[in-house]
Structure formats: structure tokens, C-alpha cells
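Values in this text are rule-based calculations from the coordinates and carry no lab data. What you are looking at is a predicted structure, and each value in this text was computed from that prediction instead of being measured. Every residue, glycine among them, receives a Cβ derived from its backbone with ideal geometry; neighbour counts consider all protein chains shown.
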Amino acid sequence: MTNSPLVFAATCDLAGQVRGKAFPLSEHTKRMKNGIGWVPTNSLITCFDTIAPSPFGSLGDLVIIPDANTEINVQLDQDSPSERLVLGDICELDGSQWALCPRTILRNALKRLKRLSGLKLNAAFEHEFQLTNLEVQPGEAFGYGAFAQHRAFGESLVSALEQAGITPDTFLKEYGARQFEITNGPALNLQSADWAVLLRELTKRSALAHGNHASFAPIADPEGVGNGVHVHMSFLDENDRPATFDPAHELGMSDVAGAFISGILKYLDGILAITAPSDISYLRLTPHRWSAAYNNLGYHDREAAVRICPVTASDNEKRAKQYNFEFRATDAAASPYLVLAALVHAGAQGIEDALPMPAATQEDLSLLSESALHEKGIVRLPQSLNEAIKRFEQNETIQSWFGQQFCDVYVAHKRAEIEHLCELTDLEKCKQYSKVY
Ligand code: GLU
Ligand code: MG
């Protein structure tokens, strides 16, 4: 059999789905320049393929212009064709920015951060997922036995990442039933989100090649553990020197990083609609699941929305390189571009407003009364997507970062997603989401 290689040019859209069109490799030069056709209403296709009421209707034309820096050509095994995939920006026909392109929205957020502070973002993603069709055995959590059983899958995934130019970090059998975790090393700015998009696809493709379905759904069973995405962040200054650590601070946090975190926590109840964007995301964001239920900064605490991560080095120069904080209130139903855009805008707002670093908690917040939480300036996060969307809509500052048109489309999209599921039980919803993420 002969075949003509196809290159898939894609966006990771408002539903966190990688969608696009393929062109023949023989057309590569032309298509990398001119892109592939796209339409505005595609941004209203929900993860279930329903279309939310669209302000664009059948009108309008756009193009996805591929970015050569994101192009991958990965051979998973000898028998399958290469995974040729390239990510791009959704543009107007003349090549100018389209206001609803998630990748462009992130690029603009990063420009704002740079303009305000001179900082570049260094980010690394930890992804949890489940291989849905495995038999569950007791004693598998973090186990060598379970790892060894799935070594071939893990090694092909790590090879896929390496072939794609993504730095692998760790692969493990996570705590939950059928649950695994794959973490990549840090990358700068836009590239860190590109890597997250590509890693999800490569994980799914590698799992499929081993006869499994990898699901990144935020939670597969309301009674079980969630699949989190944890985003580790640190900064580099204009001279590419670490800017997150300050040896003089009792917890090691620089002023600018403290202000950035303050901004995230201040706006978290509204940006949650972007970072935890599925109906079932809120089953995961509950106390005692090691996810995040409050807008708190935690010191070495895995129940915090933002966690100060440990460092092992003893000299300050090395500590400064290792020092990072982690955002835990997100999942893979979200486009990595929009997650980082929301975090960067909120953080930049914190820097612009010179917010002081919040006090770090080191206790079980679910045991505190509402007034005790209030005294600490901490709130319980919204407990449904509906509630998070309302907070998103009502917050004029958040609206100003994303623009009115994006916000209106995003809210319409998410309302249609909620509507699609309204007759289902939580478990049925989880099953639906497990198929699409
Ligand atoms: N599964 C947890 C989550 O939903 C995270 C567990 C961990 O700390 O790795 O975020
Ligand atoms: Mg984990």
C-alpha cells in the first residue's frame, strides 16, 4: 500500500480540543505560509460537538496559520504512519490577529507581563490521566509492578515526546485506579502551552497504539480521584536570570512573584470558568482530593490552589533556579493557551496593582469556619461551572483582559455545554467527558 503523508494543522480551541485540517506534505511550503481555512463559528463547537448559539452564524472566513516552531513528526511504531501535526494561530484572512484565537490571547497576555515587569514565564505541566480499560488490582498506587506492566507504553510515550522536542520529566503509576502521570520539563512562554497541547495528543496516540484509551477527563467517577493538571511556574528577568526567588524572604518568594500569585488568587473565582471549564471539574475541586477548593497559597501543601514547591539545593544560586510555584485548580478540559492566558493576566494585574504576597496556609481549610476563612481573606471556590461563569461574567477586570467578544462567545459556549448535560447524573456526565478528553 502506498500513502501520501498528511500534515494536520490545528488550533487547541475553547473546548480544549485540537481541531483543524490536514494538507498533503507536498504542499508544505505553501500551506505553512497561507494556512488552512477556518470559520468563526468553530469556536462555538462544544466538546460534545454541539454548536452553541453563534453570533457569527454561517458568516465569515479565517485561516489557521501554522507556526513552524510547533511542528512535530513522530513515529510511534514501525507499522503506523508518522504523527505529523503543527499548531497555529487563527488569523483574519489578511494574516492579522483574530481576537478569539486562544494562542493569540496567550501571546498578548505574555506581552503584557513582559511590558509590565520585563519577565518571561517558565512553565512546566504535570498531567494526570487514566487508561480507561484496565482491570483494577489492589496495591498498584505508585507501584513498580504496575509501572513495569505499562513500561512499554511509558517508553513509547517518552520517545514520542523526545521526537517532538518536548523534554520529558517523569512517568508514573499515580495513586488512583487506572491513573498515570506524565510530566514535562519547563519551557518558556508560548512554548510551554504548545507542549501541553502536543503532550495530550501524543499520550492519547501512544495509548491507542498499545490498545488503550487515555482519558484526561477531570474526573472519571465522582467517588474516585480526579485527573489534575498542575502548572509549575517561575520567571526569568530581562537577563534570563531567575526572578522568582528571594533569599531574604522567609518563604523565599520574590516581591514580583508574590504579587503575581496574589493576582491569581484575587481573580481565581472568575478565571476558574476558564481553568476548570467542564461541568464535572467542580466534582474534583472539593476538599481532601489533593486538588484545590479555596483561593489559597499553600506552603508545601497539595490542597492549595497555588502551592510553593520544595527546593532541594542548599546554595542560593541553585535554589533560585529550582524555586517555583504550582497552580493546581485546572484540568485538561481547558485549552492550555487559555489557562496560561488567564493566569498571566491575573498575575500581571497583581503586579500592576502592586498586591502584597498572600500569607501561606499550612492547615486543613475545610475545618475552618466561614468567618475564620474570611479573616484570612480566603474564600471557598465556586462549586459549579454555572457559578464560575457568573463570576467570570460579572468581573469587569477579567472581561477587560479577554475582550467583550471573546467573553460573550466563551459564556455562550459553556452554557451550551451545561445544557447538553442537564438531564444526566454526575456519573453519566463523567462517562461523557471521559470519551472526549
Ligand atoms: N489527583 C490530584 C488532582 O486532582 C493530584 C494528586 C497529586 O498531588 O499528584 O489534582
Ligand atoms: Mg499527581
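For Asp89, nonlocal amide neighbours, meaning residues 5 or more places apart or on other chains whose placed amide H falls under 5 Å from its own, are Ile65, Asp67.
For a quick check, take a GNM of the chain with Cα springs below 10 Å and name the residue from Leu373, Leu87, Leu106 with the largest mean-square fluctuation. Among Leu373, Leu87, Leu106, the largest GNM mean-square fluctuation belongs to Leu373.
Over all other residues within a Cβ to Cβ distance under 14 Å of Leu367, the charged ones net out to -3, with Lys and Arg as +1 and Asp and Glu as -1. With contributions of -39500 (n - 2.57) from each DSSP H run of at least four residues, the per-residue ellipticity at 222 nm computed over the chain stands at -11500 deg cm²/dmol. For region 190-299, GluC sites (Glu not before Pro) meeting the loop criterion (DSSP other than H, G, I, E, B) and having at most 12 other Cβ atoms within 10 Å: Glu223, Glu238, Glu250. Label-to-label distance, Met1 versus Glu428, with points set 7 angstrom from Cα along the beta-carbon direction: 3.8 nm.
Going from the fewest other Cβ atoms within 10 Å to the most, the residues Leu355, Leu100 appear in the order Leu355, Leu100.
Residue order for Ser278, Ser82, fewest other beta carbons within 10 angstrom first, comes to Ser82, Ser278. Around Ala346, under 12 Å between beta carbons, what's the net of Lys plus Arg minus Asp minus Glu among the other residues? Its environment carries a net charge of -1.
Taking 19 Å as the cut-off, the amide N atoms of region 171-207 that come nearer than this to a point 7 Å along the Cα-to-beta-carbon line of Gln149 belong to 171-182, 207. Calculate the length of the line joining the C-alpha centroid of region 205-276 to that of region 122-174, in whole Å. What the calculation gives is 19 Å, centre to centre.
Within the chain, which complete DSSP H helices have Cα atoms spanning at least 27 Å along the helix axis and a mean Kyte-Doolittle hydropathy of 0.5 or higher?
255-275
Here Lys321 is the anchor, and the lysines within straight C-alpha reach of less than 17 Å, apart from those fewer than 8 places off in the same chain, are Lys120.
Under 5 Å from the amide H of Thr330 lie the amide H atoms of Val229, each residue being 5 or more positions distant or on a separate chain, with H modelled from the backbone and absent for Pro and chain starts. Its Cα gyration tensor gives region 94-201 an equivalent ellipsoid. The semi-axes, each the square root of 5 times an eigenvalue, are 35, 14, 13 Å from largest down.
Between amide H atoms placed 1.01 Å from N, distances below 5 Å from Lys21 occur with Ala9, all of them 5 or more places distant or on a separate chain.
Excluding same-chain neighbours fewer than eight residues apart, the lysines reachable from Lys30 by a Cα-Cα span under 24 Å are Lys21.
For the chain, the convex hull drawn through the C-alpha positions has a volume of 157 cubic angstrom per residue. Note on region 326-437: lysine pairs with Cα distance below 28 Å, sequence gap of 8 or more or different chains, count 8.
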